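Here is the structure we will look at.
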Amino acid sequence: MQSENLNRIFGIENVSNSEIDKITYASDASTEKGIMSFVIYPKNKEQIREFIKSQIRLKQYDIIPRGAGTGLSGAVVPRDSIILDFQKMNKILEINTEEKYVIVEPGVVLKELNKKLSKKNLFFPVVPSSEKVCTIGGMIACNAEGNRAVKYGKTSNWILELEIIDGKGCEIKLDEKKSKEFAGSEGTAGIITKAKLKLTEDIKKTTLSVFNFEYSSELIEKLISLEDEKGIIAVEFFDKLSAKFSGFDEKITLIVEYENNEGIIKNPEEIRKIWEKRESAYPSLVKNGYSIIEDPRIEQDKLKVFLDFLTENEIPVFGHIKTGILHPMFKSDEKDKIRSMYNTVNQLKGEISGEHGYGISKKEYTPINVKIRISKLKKEYDSYNIFNRGKIL
């Protein structure tokens, strides 16, 4: 009955429960695994509205909106769920060069969007490491940050308006304030069908400086000194081990990117190669056995204590250190180390998740303020609890 209903709404070519898709959609980029009942590929919001209303009638309750599956917290891992994959809702609907905004469908890939925008000297400046594949809908759902959060902040800072479909199949337009509240709900509160985003002028040229240190105290001193410098748009960090695996010298390494001429390195090709090393950090560590990535946020005055804890426990780490987000990495058999790290983060009054979200993998560590916020959104937009059950709360 369910397959007939889905085929009728979406067309048989847009519905699958094949064995290969069950494997493909059983996980995201985390280590969590689940079971998918169907994956569907909607082409428009009308199909989604009809689908949700049919699920309410059939009492089939667990719908997961999914972008590119690059999330690292298990937020789109199914529990005998129906997955909505938005790869066919990937249109750029409008680019307004005068008012500097763009309107897109949720399946638009960030890299492709910025490629189109660059022709008009415009740029969407929140750029995660997964930019080549991550979608706008997924970025909003996770409230992604990225390497240049020092200047540009989170995705929510750049949302002007969202159109969503709620848990009753109703289309709702969210203004800027409501959109910011909705961002980061990890697919638990509604389905994004359209987004209006602010843009900035394209960055034509940047410069870089790379600094090396032997001790964490030297690194912290340098971070403090950067407070007085102008034009910084990114500050990225590697401990000795992650630096070595990424192709740098085996020293504590700091990359500082400027939107002016203050950086020591000015050659675009050399800058590109350094950023390639930065982007290789995660896959290089995975290749060397560190398959689990975490994302705590630590205040600057507690950073030295936290970094020293990681060093003492031989936990490699890199990350967006100026915004306090670090990425300690662990081997699959190091669950005790992960729990110890979580306890240390809590003792330092940090956040267990700075940018990846809570999903399944960090659900038990979801802070009360996040639970309250998500519960409020669920009550407002998903009172039947049909979206992404068992995540965050």
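The values are calculated or read from the model by the stated rules, or taken from the named source; none is laboratory data. On a predicted model such as this, the values are computed, not experimentally measured, just so you know. Ideal geometry is used to build each Cβ from the backbone, glycine not excepted, and the neighbour counts take in all protein chains shown.
Of all the listed residues (220, 292, 298, 255), the sole one being among the hydrophobic types (A, V, I, L, M, F, W, C), under 23 Å from residue 114 (Cβ atoms) and surrounded by 16 or more Cβ atoms within 10 Å (Cβ to Cβ) is 255.
Looking at segment 231-253, is at least one residue modelled with pLDDT under 95, over 24 Å from the mean Cα position of the chain (by Cα), of a type in the set (Asp, Glu) and not assigned by TED's automatic domain parsing to the domain that holds residue 45? There is no residue in segment 231-253 that is modelled with pLDDT under 95, over 24 Å from the mean Cα position of the chain (by Cα), of a type in the set (Asp, Glu) and not assigned by TED's automatic domain parsing to the domain that holds residue 45.
Within segment 308-329, the set of residues being of a type in the set (A, V, I, L, M, F, W, C) and in contact (Cβ under 8 Å) with a residue 60 or more places away in the chain comprises 310, 317, 318, 321, 325, 326, 329. The condition (being out of contact with any strand residue (DSSP E or B) (no Cβ under 9 Å at 6 or more places or on another chain), in the same structural domain as residue 186 (by TED's automatic domain parsing) and more than 20 Å from residue 191 (Cα to Cα)) is satisfied by just one residue among 98, 13, 32, 19: 98. Among the conditions (1) in the same structural domain as residue 56 (by TED's automatic domain parsing); (2) not in a loop (DSSP other than H, G, I, E, B), residue 164 misses just one, which is (1). Name the residue that is surrounded by the fewest Cβ atoms within 10 Å (Cβ to Cβ), counting only residues in segment 1-26 that are more than 27 Å from the chain's Cα centre (by Cα) and of a type in the set (Gly, Ala, Ser). Applying the filter and picking the extreme gives 18. The residues of segment 167-199 that are among the small types (Gly, Ala, Ser) and in a strand (DSSP E or B) amount to a single one, 195. Counting only strands (runs of 3 or more DSSP E) that sit completely within segment 9-116, those holding 1 or more residues that are over 14 Å from residue 136 (Cβ atoms) and of a type in the set (A, V, I, L, M) correspond to 35-40, 63-66, 79-85.
The single condition from (1) outside any loop (DSSP other than H, G, I, E, B); (2) in contact (Cβ under 8 Å) with a residue 24 or more places away in the chain that residue 332 fails is (1). Taking segment 145-178 as the range and being among the hydroxyl-bearing types (Ser, Thr, Tyr) and free of Cβ contacts under 8 Å to residues at least 24 places away in the same chain as the test, no residue passes.
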